[in-house]
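Everything below concerns the one structure shown next.
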Amino acid sequence: QKVKEESVEFLIPSYACQRRTSLDNHNTNFTDALSHLAENAELNNEDGRAVAFRRAAAVLKALPVKVTSITQLRGLPCLGEHSQRVIKDVIENGVSSEVESTIHSERFKALKLLTGIFGVGAKTADRWFKEGIQNLTQLANSGHDLNRAQQAGLEHYYDLNQPVTKAEAEAIGDIVKKAVLDVLPGSEIILTGGFRRGKITGHDVDFLITHPDEGKEVGLVSKVVSWLTARGLLLYQKNTRNSYLESEDGPAQPPSNMDRFERCFSIFKLEKKEIPNRNWRAVRVDLVVSPISQFAFAVLGWTGSKLFERELRRWAGQVKSMSLSSHALYDNKQCKYLRATSEEEIFTHLGLEFIPPSERNA
Ligand code: DGT
Ligand code: MG
């Protein structure tokens, strides 16, 4: 599990949560190619394949050097035959013919466009594509009944496909903070997701909210939403209640990405004086509320990246016989929950070196 650069050797452990992955990627030519194939597999509902490509890309993201020869890859983990073939193609030809034909196919282009609509997943997009719908005009003219999320997604399609900047995320953070502190003084609000990992743009803005007195946070999302709605700041919102019960959901639940926090998927109407005629833009915002006792797990679970999270859960299950979620960590051998009040403690429970958010960009 080493890569050679002249006489230097780098150790690359096989789980992404065992290694540091900064935003400084020396191998974008390969990781972009592999990410396209992963995306295509996700659009085809081939999850196993998608994860294999994501893991391969993540290994290359973690390398401290630019790969220029296939021999440098000898001994690296997670590089299956297919991924190696793609890498070899890129080294020799500058591009991978498989990737090129995939991303220029009618199907990929249409599915990507359709899943770019907020509220539209791979299955829906595939159904529409099979009916001959390949663009937004065809969808609008198809007579399909769109749900509320999809209607909002279509209406704000352009805005929601423009990257959100750090400055915009911070401006929304100021509003969210004001709202939350107004309805529940003493609350804590943190920016999670990609921005916590140091990204300078994102596809949405993720906030996690808690209160130091356990129980005070119950019902907070709907109060915050009312506050925002009263001021005309939301273009769309959908709340879900907290449905997590430790006794029922903890150890028995299979490791899953979905959590059960009180949560609001929303589209913010962000004031932007510089946009002519309308003076605002639409931005996707997720508000998640966690009880303080689960906060460390929630912060870890909502910081990402998605692959890093997935690898943490896989490590917990396969190596430590533990079940990790955004709510808790359960030790299947000792048959008990392992408590934590910080991310550092959770890494310690898992027997992992602490990886700071900026190094979780797997
Ligand atoms: P972005 O927004 O595209 O710049 O990138 P991220 O990394 O912010 O990705 P995003 O916003 O989809 O999700 C943020 C993190 O939160 C991601 O690592 C996975 C996690 N996450 C997203 N949705 C859920 C969920 O329903 N449950 C749990 N537990 N985690 C989620
Ligand atoms: Mg995000």
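The values are calculated or read from the model by the stated rules, or taken from the named source; none is laboratory data. Quantities reported herein were computed from a predicted structural model and do not represent experimental measurements. Neighbour counts run over all protein chains shown; Cβ positions are idealised from the backbone, glycine included.
If you check Gly198 against the conditions, is it within 16 Å of ligand 2 (Cβ to nearest atom) and either among the small types (Gly, Ala, Ser) or at pLDDT below 95 (or both)?
Spelling it out, Gly198 is indeed within 16 Å of ligand 2 (Cβ to nearest atom) and either among the small types (Gly, Ala, Ser) or at pLDDT below 95 (or both).
How about the stretch 195-251: which of its residues are away from ligand 1 (no atom under 16 Å from the Cβ), in contact with a strand residue (DSSP E or B) (Cβ under 9 Å, 6 or more places away or on another chain) and of a type in the set (A, V, I, L, M)?
Val218, Leu220, Val224, Val225, Leu228, Leu233, Leu234, Leu235
If I filter the stretch 275-296 down to residues being near ligand 1 (Cβ under 9 Å from one of its atoms) and under 13 Å from Ile209 (Cα atoms), which single residue comes out as surrounded by the fewest Cβ atoms within 10 Å (Cβ to Cβ)?
Residue satisfying both the conditions and the ranking: Asp286.
Name the one entry in Ser187, Ser243 that is loosely packed, with under 14 Cβ neighbours inside 10 Å and polar (S, T, N, Q).
Result of the check over Ser187, Ser243: Ser243.
Cβ-Cβ below 8 Å, separation at least six or inter-chain, first residue in the stretch 50-79 and basic (Lys, Arg), second surrounded by fewer than 20 Cβ atoms within 10 Å (Cβ to Cβ) and part of a loop (DSSP other than H, G, I, E, B): which pairs?
Sorted first by the residue in the stretch 50-79, then by its partner, the pairs are Lys61/Asn25; Lys66/His26.
Please give the strands (runs of 3 or more DSSP E) falling wholly within the stretch 276-349 in which 2 or more residues are within 16 Å of ligand 2 (Cβ to nearest atom) and in contact (Cβ under 8 Å) with a residue 12 or more places away in the chain.
280-289
Test each condition in (1) more than 23 Å from Ala125 (Cα to Cα); (2) at pLDDT 95 or above for Gln1 and report the one that comes out false.
With (1) more than 23 Å from Ala125 (Cα to Cα); (2) at pLDDT 95 or above applied to Gln1, the lone miss is (2).
Going through Arg74, Arg127 one at a time, which residue ends up being modelled with pLDDT of 95 or more and over 22 Å from the mean Cα position of the chain (by Cα)?
Only one candidate passes the filter, namely Arg127.
Has the stretch 135-151 got any residue that is under 26 Å from Lys306 (Cβ atoms), more than 16 Å from ligand 1 (Cβ to nearest atom), modelled with pLDDT of 95 or more and under 21 Å from the mean Cα position of the chain (by Cα)?
Looking through the stretch 135-151, at least one residue is under 26 Å from Lys306 (Cβ atoms), more than 16 Å from ligand 1 (Cβ to nearest atom), modelled with pLDDT of 95 or more and under 21 Å from the mean Cα position of the chain (by Cα).
Here's a check for you: in the stretch 152-184, which residue that is within 15 Å of ligand 1 (Cβ to nearest atom) and not in a helix (DSSP H, G or I) is surrounded by the fewest Cβ atoms within 10 Å (Cβ to Cβ)?
Only one residue fits best here, namely Pro163.
Go through the stretch 193-217 residue by residue and tally those that are touching a residue at least 60 places away in the same chain (Cβ under 8 Å) and either in contact with a Cys (Cβ under 9 Å, 6 or more places away or on another chain) or surrounded by 14 or more Cβ atoms within 10 Å (Cβ to Cβ) (or both).
Selection size over the stretch 193-217: 16.
Considering Val224, Val176, which residue is more than 24 Å from Leu113 (Cα to Cα), modelled with pLDDT of 95 or more and within 16 Å of ligand 2 (Cβ to nearest atom)?
Val176 is the lone residue from the list that is more than 24 Å from Leu113 (Cα to Cα), modelled with pLDDT of 95 or more and within 16 Å of ligand 2 (Cβ to nearest atom).
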